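J.: Quick one: structure below, then a few questions.
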Amino acid sequence: MLRVYNTLSNRKEEFRSDSGKIRMYVCGPTVYDLSHLGHARSAVAFDVIYRYLKYRGYEVIYTRNYTDIDDKIINRANREGVSSQEIAERYIKAFDEDMEALGVELPTYRPKATDMIDEMRNLIQILLGKKKYAYQLGGDIYYSVREFQGYGKLSGKKIDELEAGARVEVDERKKDPLDFALWKASKPEEPAWPSPWGPGRPGWHIECSAMSQKFLGETIDIHGGGRDLIFPHHENEIAQSEAATGKPFVRYWLHNGFVNIQKEKMSKSLGNILNIRDILHACPAEAVRLFLLSSQYRSPIDYSPEVLKEADAALQRFYATLERIERYLNSVEVKDGSAGHILRDKFETDMDDDFNSASVIGS
């Protein structure tokens with residue numbers, strides 16, 4: 001029996017699927033720079049989940065997006081004197097190369113935000129119209145957080161205790177500091193698309209709701225991403241999706257832990273961001289993947305050059321052990337394959353416990 005830790009309930013639950021078809025969405029990168037070790041952690045973790053669900057006999061429809069329009073992309077394009085599209089395509093290509101090096105399988109769908117403008121506009125119109133969860137300020141459209149009764153159910157935050165902060169858009173015109181942008185009016189020399197509210201571009205949160213509905217339907221089985229996305233991004237996804245459809249958005253929320261660099265959280269403010277390809281120049285990709293899987297996906301993982309060297313050495317021991325197992329299984333004494341069944345059963349028991357790759361590797 002597969003059990004998964006559901007962030008929504010804060011406990012492990014039996015994973016159930018009535019149809020045998022799993023619809024899984026995972027938030028992908030904002031493509032304004034080379035991808036870092038945190039992106040690798042998430043991508044590898046959900047790659048393993050994707051593979052194991054298929055191994056267990058499920059048909060998995062897996063969608064992971066690219067955010068290819070964003071303030072960070074626009075700012076970089078302006079600094080370099082090129083288009084936002086050129087920046088986005090450059091770093092989509094780099095991300096895909098890094099994922100291939102790490103052995104990450106391609107998802108079923110990999111939509112770009114800029115290819116989904118129609119779907120986002122339609123979803124915003126539903127929220128503005130029949131549902132009355134959104135309001136217009138000039139060319140901007142905002143979601144009215146207090147209109148959604150379940151706001152905070154994923155993160156455990158109480159709406160009356162929340163304040164506008166670093167991850168919440170501050171705009172004095174808003175009805176409430178917590179209200180977030182669904183559509184942003186264009187500024188001079190910024191990319192823009194036409195809309196009933198004037199030229200502009202979508203807010204960040206609306207793209208994942210629109211993409212999920214487009215490729216997976218109104219209610220999906222698994223939504224994944226890093227723990228840093230729980231609030232406000234995933235909380236906002238729930239609010240806008242469930243307000244628009246009147247249906248539960250996600251059955252199981254799965255979140256991977258942070259990457260720490262020598263005991264400190266990896267962040268731009270600390271200047272300790274490690275790009276994937278820089279690490280791959282110093283260590284074999286398989287060893288990096290083994291390191292990323294050496295902790296259970298929900299746990300934080302500590303990086304240091306020494307730990308990566310240990311992972312490389314462990315990889316060599318792993319292959320040596322596989323060779324010994326193969327010789328053993330081919331020996332006359334175990335032709336019935338009983339030892340192979342024991343190993344397989346141990347593997348499945350560990351992975352059925354919330355995809356515990358650390359226990360698999362440790363054994």
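J.: Taking the Cα centre of the chain as the origin and placing charges on Cβ (Lys, Arg +1; Asp, Glu -1), which of Thr67, Leu128, Gly57 is farthest toward the positive end of the dipole?
T.: Farthest towards the positive pole: Leu128.
J.: Taking the convex hull of the alpha carbon atoms in the chain, what volume per residue do you get, in Å³?
T.: 146
J.: Suppose every K and R has +1 on its Cβ and every D and E has -1 on its Cβ; what is the size of the dipole of the range 46-114 about the Cα centre, in Debye to the nearest 20? Kindly include the intermediate steps, with their values, before the conclusion.
T.: Values: 11 positive and 13 negative charges, 41 e Å.
Computed charge dipole of the range 46-114: roughly 200 debye.
J.: What accessible area, in Å² to the nearest ten, does a 1.4 Å probe give for Asp71?
T.: 70
J.: Report, in degrees rounded to the nearest 10, the 0 to 90 angle that the Cα long axis of helix 84-101 makes with the longest principal axis of the chain.
T.: So the inclination is approximately 10 degrees.
J.: Count the DSSP beta bridges whose two residues both fall in the range 166-318, then state the antiparallel fraction as a percent rounded to the nearest 5. Kindly include the intermediate steps, with their values, before the conclusion.
T.: Working: 6 of 15 bridges.
Close to 40 percent.
J.: In the chain, which longest range has no trypsin sites (Lys or Arg not before Pro) that are both DSSP loop (not H, G, I, E or B) and surrounded by at most 13 other Cβ atoms within 10 Å?
T.: Values: sites that count: Arg16, Lys130, Lys132, Lys158, Arg167, Arg173, Lys175, Lys263, Lys268, Lys335.
It runs 17-129.
J.: Can you tell me the equivalent ellipsoid semi-axes for the range 259-363? Use √(5λ) from the Cα gyration tensor, largest first, whole Å.
T.: For the range 259-363, the semi-axes come out at 34, 17, 8 Å.
J.: Between the range 178-206 and the range 267-306, how far is it from one alpha carbon centroid to the other, in angstrom?
T.: When both Cα centres are located, 35 Å separates them.
J.: Which residue, Val82, Val44, Val31, has the most motion in a Gaussian network model of the chain that connects Cα atoms within less than 10 Å?
T.: Taking springs between Cα atoms under 10 Å, the residue moving most is Val82.
J.: Given the protein chains as shown and a 1.4 Å probe, how many square angstrom of Ile92 are accessible, to the nearest 10?
T.: Ile92 exposes around 10 Å² with every protein chain in place.
J.: Describe numerically, in nm with one decimal, the distance between label points set 7 Å from Cα along Cα→Cβ at Arg227 and at Arg79.
T.: According to this spin-label approximation, the distance is 2.9 nm.
J.: So between Arg56 and Cys283, what do we pick up on full extension, going 0.36 nm a residue minus the alpha carbon distance?
T.: Here the answer is 78.6 nm.
J.: Expressed as a whole number of Å, what is the distance separating the alpha-carbon centroids of the range 223-247 and the range 132-164?
T.: Taking the Cα centre of each part, the range 132-164 and the range 223-247 sit 12 Å apart.
J.: From largest accessible area down, sort Leu329, Leu270; use a 1.4 Å probe on the protein chains.
T.: Largest accessible area first, the list is Leu270, Leu329.
J.: Of the candidates Trp197, Trp183, Trp253, which one comes out as most mobile in a Gaussian network treatment of the chain with C-alpha springs shorter than 10 Å?
T.: Its mean-square fluctuation being the largest, the pick is Trp197.
J.: Sticking with this structure for a sec: Assigning unit charges at the beta carbon (Lys, Arg +1; Asp, Glu -1) and nothing else, what dipole magnitude in debye, to the nearest 20, does the range 98-242 show about its Cα centre?
T.: Details: 19 positive and 25 negative charges, 96 e Å.
My answer is approximately 460 debye.
J.: How far is it, in nm, from the label point at Phe258 to the one at Glu172 when both lie 7 Å from their Cα along the line to the Cβ?
T.: Result: 3.3 nm between the two label points.
J.: Roughly how many whole Å is it from the C-alpha centroid of the range 314-331 to that of the range 31-83?
T.: 34
J.: If you don't mind, another one. Expressed as a whole percentage, what fraction of the accessible surface of the chain belongs to carbon and sulfur atoms when a 1.4 Å probe is rolled over the protein heavy atoms?
T.: Values: 8550 of 17500 Å².
Reported share for carbon and sulfur atoms: 49 percent.
J.: Could you point to the residue in Leu292, His341, Val360 farthest towards the positive end of the range 249-363's charge dipole, with +1 and -1 charges on the Cβ of Lys/Arg and Asp/Glu respectively?
T.: Leu292
J.: Still on this structure, I have one more. Would you kindly find the accessible area of Asp160, with a 1.4 Å probe and non-protein molecules such as ligands, DNA and RNA excluded, rounding to the nearest 10 Å²?
T.: The accessible area of Asp160 comes to roughly 120 Å².
J.: Treating the beta-carbon of each Lys and Arg as +1 and of each Asp and Glu as -1, no other charges, what is the dipole magnitude of the chain about its Cα centre, to the nearest 20 debye?
T.: Computed charge dipole of the chain: roughly 580 debye.
J.: In addition: On average, how much accessible surface per residue is there in the chain, in Å², for a 1.4 Å probe, leaving out ligands, DNA and RNA? List each step's numbers first, then the result.
T.: Working: 17500 Å² over 363 residues.
Spelled out: the 1.4 Å probe surface of the chain, per residue, equals 48 Å².
J.: How long are the three semi-axes of the equivalent ellipsoid of the range 117-222, in whole Å, if each is the root of 5 times an eigenvalue of the C-alpha gyration tensor, listed from largest down?
T.: Equivalent ellipsoid of the range 117-222: 22, 19, 13 Å, largest first.
J.: Roughly speaking, what % of Cα-Cα pairs in the range 164-240 are separated by over 18 Å, rounded to a whole number? Mind dumping the intermediate values first?
T.: Values: 1484 of 2926 pairs.
Percent of Cα pairs beyond 18 Å in the range 164-240: 51.
J.: Only bridges whose two residues both fall in the chain count here: according to DSSP, what percent of them are antiparallel, nearest 5? Provide the component values of the computation, followed by the final result.
T.: Working: 18 of 40 bridges.
Given both bridge residues lie in the chain, the antiparallel proportion sits at roughly 45 percent.
The values are calculated or read from the model by the stated rules, or taken from the named source; none is laboratory data. Every value quoted in this text rests on a predicted model; they were computed, and no experiment measured them. Reconstructed Cβ throughout: ideal geometry from the backbone, glycine too, with neighbour counts over all protein chains shown. Keep in mind that these areas ignore ligands, DNA and RNA; they rest on the heavy atoms of the full protein, side chains included. Shrake-Rupley method; radii C 1.70, N 1.55, O 1.52, S 1.80 Å.
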